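The values are calculated or read from the model by the stated rules, or taken from the named source; none is laboratory data. This structure is a prediction, so every number in the text was calculated from the model and none was measured. Note: ideal-geometry Cβ built from the backbone for every residue, glycine included; neighbour counts use all protein chains shown. Note: accessible area is taken over every heavy atom of the protein model, side chains too, but ligands, DNA and RNA are not part of it. Shrake-Rupley method; radii C 1.70, N 1.55, O 1.52, S 1.80 Å.
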Amino acid sequence: MQPLPVAVVGCGIFGDIHATTYAHFDQSELVLVCDLDENRAKAAAEKFNCDYTTRVEDVADDKRVKAVSIVTPEFAHRDPCVMLAGAGKHIFVEKPLATSSDDAAAIVKAVRDAKVIGGIDFHNRYHPAFRTFQKRRSQGKLGEVRMILARLSDRLEVATKWFSWSGKSGPQWFLGSHLVDTACWLMGAEPVRVYADASKGVLSGRGIDCYDCIQIHLSFPDGLATLESSWILPDAWPSVADFSVSIQTTTSRVDVQGSNHGMVEARPEGYGWPFLNGLTPIGEDDWGYFNLPIHDFVRAVNRGQEAPVPVEVGLKNVRIIEAAMRSIREQKAIELT
């Protein structure tokens, strides 16, 4: 089987992860990268020895390209997804699928109408600890999930220094989408009710109009989950992300600590926990779990199968977060249908 010719739209932090994965995977070939910033697109092309462009239209028109990763900011997913699906390209979208259900629904419709494969990257489903939990539970060793308490927060630098578009997103989208998907996946169900609360002030005081912190409570038919995210952890926090999940089952308790991966660095400039699991340099072609969902997407396209996590799952995720935001505005629980 010939390697799948792919393109990456968006050459930022996660765009580099997608491009690196495609370039090193023996079942794919990175042929084109695209970014509005020509310097960044050119640098990526030089790094991966491929072509570059600043226009999504060029990606759509390129006959070589069979599949595309869309790794633009989340609020800018709709247009490239609709265009590329309409051009017959299979698409793989970074989470969240969009920041409105209208945009997410348009992406799903474009995929269905074009009869292409559309997937979304919820890479927590590939985290070794969660994979182990799901396997042990399927073997009848851990009981059924009844309660989840999960936290995923970032240091202040992420919202204030990493991105110029933080005000168009927020912890509910950038981080909360991961938690909502992880909770639904671990529960094996969709929530029936959502209640949420949030606070503003720190980021808005810096000219970034988004929530500082958010808590989301999901009620499932046979369980519940409390999820919290913050974008204002002090920059002195020892890891970029503070990530932990506690799972109570009918017979067991399982805790996953995602912040400290077993390594501590004490350097002259400070103390910290380096992020390892997702990007661990195991080898040239296999360097952590962030590349695994991308591998699975390539395999699905090569085999003509549905994506491991279809874009329809991303639409449900967006609708749950929208309901949480409505709950904040209306200060009441929102029933999900």
Among (i) 51, 51, 42; (ii) 62, 48, 36; (iii) 62, 43, 38, the entry that matches Cα extents along the principal axes in Å as calculated here: (i)
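Skip the ligands, DNA and RNA, and give the accessible area per residue of segment 161-206 with a 1.4 Å probe, whole Å². Walk me through the numbers before you get to the answer.
On the way: 1960 Å² over 46 residues.
Value returned for segment 161-206: 43 Å² of accessible area per residue.
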Charge tally in the Cβ shell below 14 Å around Glu335, where Lys, Arg are +1 and Asp, Glu are -1, Glu335 excluded: +1
Cα gyration tensor, segment 1-135 - rounded (a/c under 1.5), prolate or oblate: rounded
Accessible area per residue, Å², segment 233-276 with all protein chains present, probe 1.4 Å: 56 Å²
Virtual spin-label span in nm between Ser100 and Trp185, 7 Å along Cα→Cβ: 2.8 nm
Reachable lysines from Lys42, criterion Cα separation under 28 angstrom, eight or more residues apart if same chain: Lys63, Lys66, Lys89, Lys95, Lys161, Lys168
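Using heavy-atom solvent-accessible surface (probe 1.4 Å) with all chains present, what is the largest-first order of Arg299, Arg206, Arg146, Arg137? Show your work: numbers first, answer last.
Values: Arg299 65, Arg206 145, Arg146 100, Arg137 45 Å².
These residues rank, largest area first, as Arg206, Arg146, Arg299, Arg137.
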Extension gain, Arg206 back to Asp113 (0.36 nm per residue minus Cα-Cα distance, nm): 29.2 nm
Label-point gap, in nm, between Gln305 and Thr337 - each point 7 angstrom along Cα→Cβ: 3.6 nm
Average accessible surface area per residue within segment 1-125, 1.4 Å rolling probe, Å²: 42 Å²
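Subtract the Cα-Cα distance of Leu36 and Ala236 from 0.36 nm times their separation in residues, and report this length gain in nm to one decimal. Walk me through the numbers before you get to the answer.
Working: separation 200, 0.36 × 200 = 72.00 nm, distance 3.30 nm.
Net length gain for the segment: 68.7 nm.
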Selection from Cys184, Trp173, Val82 lying farthest towards where the dipole of the chain points positive, charges on Cβ: Cys184
Carbon/sulfur fraction of accessible area - the chain, other protein chains in place, 1.4 Å, %: 49 percent
Of Tyr211, Gly272, Cys11, farthest towards positive along the dipole that unit charges on Lys, Arg, Asp, Glu beta carbons give the chain: Tyr211
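Treating only the Cβ of Lys, Arg, Asp and Glu as charged (+1, +1, -1, -1), what charge dipole size does the chain show about its Cα centre? Round to the nearest 20 debye. Working shown, then result.
Numbers: 36 positive and 43 negative charges, 189 e Å.
I would put it at about 900 debye.
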Residue range of the chain that is longest and free of GluC sites (Glu not before Pro) which are both DSSP loop and sparsely packed (at most 11 other C-beta within 10 Å): 1-268
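Assign unit charges at the C-beta atoms only (+1 for Lys and Arg, -1 for Asp and Glu), then state the dipole size of segment 178-276 relative to its Cα centre in Debye, rounded to the nearest 20. Could you put the intermediate results ahead of the total?
Working: 5 positive and 12 negative charges, 15 e Å.
About 80 debye.
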Assigned charges on the beta-carbon of Lys, Arg, Asp, Glu; segment 144-195 dipole about Cα centre (debye): 180 debye
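Mind checking the full-extension length gain between Val192 and Asn260? Use 0.36 nm per residue of separation minus the Cα-Cα distance, one decimal, nm.
21.1 nm
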